[in-house]
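Visitor: Below: one structure in structure tokens.
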Amino acid sequence: MKFESASFHVHQPLESSSEPGFMTPEQIKGFKPLAWVESKDMPQAVARARTRMEVAGVWAPNQILGRRYSIGCVALEITQRCNLDCTLCYLSEHSESVKDIPMEEIFRRIDQIKLQFGPSNDIQITGGDPTLRKRSELMEIVRYIRKIRMRPTLMTNGIAATRDMCQELVKNGLNDIAFHVDLTQERKGYKTEMELNRFRKDYIERVRGLPIAVIFNTTVFKDNFHEIPDLIRFFKANTDVVGMASFQLQADTGRGVLKKRDQVISLDSVAEKIQEGAGTKISFDTARIGHPRCHKYGLTLEANGKLFDFFDDPTLFNMLIEKTRTLELDRTNKVRLVKNIFKWLMQNPDFIAPALKFAFRKIMEMKWDLLKARRMGKLSFFMQNFMDASSLELDRIHACSFMVMTPQGPISMCMHNAKRDDYILQPIQLKSEQMWNPLTGKTEGCCGNEKKSESL
Ligand code: SF4
């Protein structure tokens with residue numbers, strides 16, 4: 001089976017080694033982004049994701065990449081600047097001296113993401129902190145992503161994301177906002193994650209009532225690992241606004257000062273801590289997203305302050321992920337979500353009976369809490385097991401579900417972080433054939449005359 005990616009020329013599936021063999025510095029240096037291939041439609045993009053999973057040796061009945069999705073999400077870095085300097089920052093030492101890339105290049109990358117992975121995919125607008133980009137340009141970027149039928153997500157530490165800005169972002173089509181709040185940010189005077197709830201509460205009020213999906217990101221390291229259960233209890237109490245709690249496991253990459261993670265931190269140990277706070281078992285192995293050593297994902301329903309595992313029927317899950325590719329699961333609008341599911345069931349009557357049986361079982365499980373609560377929320381959990389820059393595993397890189405858009409195409413976030421300067425310090429050729437210089441922010445003409453680009 002020949003794989004299109006120029007940098008990928010193995011003809012038989014890679015053994016997913018128990019003892020992961022790490023890539024050599026030469027292999028990392030020579031590794032190229034995913035080869036540029038235009039998808040004529042979503043099914044073709046999804047089929048290519050399936051090939052990628054098969055070649056990486058992680059294709060399985062519960063693999064959602066290559067069935068429902070062509071990619072988990074793609075990060076679009078619109079600035080390298082940030083107003084924090086986290087102890088586990090993945091940016092490079094050069095990041096602060098790099099100017100914001102021109103809007104023309106940003107639009108080109110957005111178009112490429114859609115052409116490569118198909119419509120209705122998540123584009124994470126990130127950085128650095130994207131709220132530091134000129135506000136009018138940030139709005140234009142969100143608007144453009146929505147206009148070409150992709151889903152814009154904003155990744156921010158929230159400092160500059162005022163209610164007013166959040167309202168304007170939603171008006172321009174923002175789908176999700178992910179607030180990053182944790183102790184690696186060293187916010188002055190805050191010594192525990194529970195003390196940082198002051199910021200989480202503030203950010204929740206900034207987006208309360210807006211038609212947007214709200215996520216909180218937490219980097220897990222030795223100083224906050226023990227607080228995960230309390231964090232879950234906080235999110236559990238705020239499911240009227242918060243829909244997902246996402247945990248990034250410490251990795252030795254970028255300019256962060258805290259290097260290798262403590263042995264206690266792993267996908268399994270963080271999953272245990274989450275279940276401790278959730279007060280229930282969560283089926284983290286039902287859904288597979290890319291490589292099993294990269295992620296764990298779980299979904300719960302919330303009623304009366306209690307969480308109930310949603311993915312506890314793997315057989316039904318496996319049946320559904322293939323068939324529901326066309327079913328739009330709108331995270332921002334519950335009514336539209338239920339309508340879409342109902343419409344899909346009418347078009348797929350074979351699934352009405354198993355779906356009703358599942359719904360009835362869940363309602364019976366939750367009945368007393370539903371009666372008391374009079375409302376039902378949901379809370380999903382996502383874990384991202386980032387790799388150290390010096391310990392990259394080739395099969396995981398090839399099965400990557402979370403990529404970054406570079407001038408040459410999408411590449412695994414872990415690989416990008418390991419050689420970020422190769423991309424951010426690269427001059428960019430513009431349509432005018434002029435070269436944009438990332439350190440000066442100027443465009444140099446093919447005949448050497450210089451002009452300063454608009455944005456910083
Ligand atoms: S970014 Fe890294 S941890 Fe995440 S899916 Fe890609 S290879 Fe795996």
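Visitor: Which of (1) touching a strand residue (DSSP E or B) at 6+ places or on another chain (Cβ under 8 Å); (2) outside any strand (DSSP E or B) does Phe381 not meet, given it meets every other one?
Guide: Condition (2) is where Phe381 drops out.
Visitor: May I pose another question? Among the listed residues Arg109, Arg133, which satisfies the condition of being under 30 Å from Arg325 (Cβ atoms), surrounded by 16 or more Cβ atoms within 10 Å (Cβ to Cβ) and among the basic types (Lys, Arg)?
Guide: Arg109
Visitor: Exactly one condition in (1) in a loop (DSSP other than H, G, I, E, B); (2) among the hydrophobic types (A, V, I, L, M, F, W, C); (3) open to solvent by 20 Å² or more (accessible area, probe 1.4 Å) is false for Cys400; which is it?
Guide: Among (1) in a loop (DSSP other than H, G, I, E, B); (2) among the hydrophobic types (A, V, I, L, M, F, W, C); (3) open to solvent by 20 Å² or more (accessible area, probe 1.4 Å), Cys400 violates only (3).
Visitor: Please work out which residue is most open to solvent (accessible area, probe 1.4 Å), limiting yourself to the range 237-296 and to residues that are among the charged types (D, E, K, R), in a loop (DSSP other than H, G, I, E, B) and within 22 Å of Ala60 (Cβ to Cβ).
Guide: By that ranking, first place goes to Lys281.
Visitor: Determine whether Ala303 is in contact with a Pro (Cβ under 9 Å, 6 or more places away or on another chain) and not hydroxyl-bearing (Ser, Thr, Tyr).
Guide: no
Visitor: Continuing with the same structure: Scan the range 5-21 and give yes if some residue there is touching a His at 6+ places or on another chain (Cβ under 9 Å), modelled with pLDDT of 95 or more and either in a loop (DSSP other than H, G, I, E, B) or under 29 Å from Asp285 (Cα atoms) (or both), otherwise no.
Guide: Scanning the range 5-21 turns up no residue that is touching a His at 6+ places or on another chain (Cβ under 9 Å), modelled with pLDDT of 95 or more and either in a loop (DSSP other than H, G, I, E, B) or under 29 Å from Asp285 (Cα atoms) (or both).
Visitor: Which one of these is crowded, with 16+ Cβ neighbours inside 10 Å, at pLDDT below 95, away from the ligand (no atom under 14 Å from the Cβ) and part of a helix (DSSP H, G or I): Phe358, Phe351?
Guide: On the way: Phe358 fails: at pLDDT below 95.
Among Phe358, Phe351, only Phe351 is crowded, with 16+ Cβ neighbours inside 10 Å, at pLDDT below 95, away from the ligand (no atom under 14 Å from the Cβ) and part of a helix (DSSP H, G or I).
Visitor: A follow-up question, please. Collect the residues in the range 284-326 that are among the aromatic types (Phe, Trp, Tyr) and more than 16 Å from the ligand (Cβ to nearest atom), keeping them in residue-number order.
Guide: Phe308, Phe310, Phe311, Phe317
Visitor: Can you name the condition, by its number, that Arg331 falls short on among (1) in a loop (DSSP other than H, G, I, E, B); (2) out of contact with any Asp or Glu (no Cβ under 7 Å at 6 or more places or on another chain); (3) charged (D, E, K, R); (4) outside the structural domain of Thr51 (by TED's automatic domain parsing)?
Guide: Here Arg331 clears every test but (2).
Visitor: Of these, Leu394, Leu345, Leu370, Leu379, which one is over 19 Å from Leu249 (Cβ atoms), within 16 Å of the ligand (Cβ to nearest atom), surrounded by 14 or more Cβ atoms within 10 Å (Cβ to Cβ) and at pLDDT 90 or above?
Guide: Among Leu394, Leu345, Leu370, Leu379, only Leu394 is over 19 Å from Leu249 (Cβ atoms), within 16 Å of the ligand (Cβ to nearest atom), surrounded by 14 or more Cβ atoms within 10 Å (Cβ to Cβ) and at pLDDT 90 or above.
Visitor: Additional query: Residue check, Arg50 against (1) part of a loop (DSSP other than H, G, I, E, B); (2) within 30 Å of Asp313 (Cβ to Cβ); (3) not hydrophobic (A, V, I, L, M, F, W, C), all met but one. Which one?
Guide: (1) is the only condition that Arg50 fails.
Visitor: Assess whether Pro211 counts as being surrounded by fewer than 20 Cβ atoms within 10 Å (Cβ to Cβ) and closer than 13 Å to Met383 by Cα. Talk me through it step by step, then tell me what you get.
Guide: Working: surrounded by fewer than 20 Cβ atoms within 10 Å (Cβ to Cβ): yes; closer than 13 Å to Met383 by Cα: no.
Judged against the criteria, Pro211 is not a match.
The values are calculated or read from the model by the stated rules, or taken from the named source; none is laboratory data. Bear in mind the structure is a predicted one, so any value in this text is a computation, not a measurement. Cβ atoms come from the backbone with ideal geometry, glycine included; neighbour counts cover every protein chain shown. Calculation scope for accessible area: heavy atoms of the full protein, side chains included, ligands and nucleic acids excluded. Shrake-Rupley method; radii C 1.70, N 1.55, O 1.52, S 1.80 Å.
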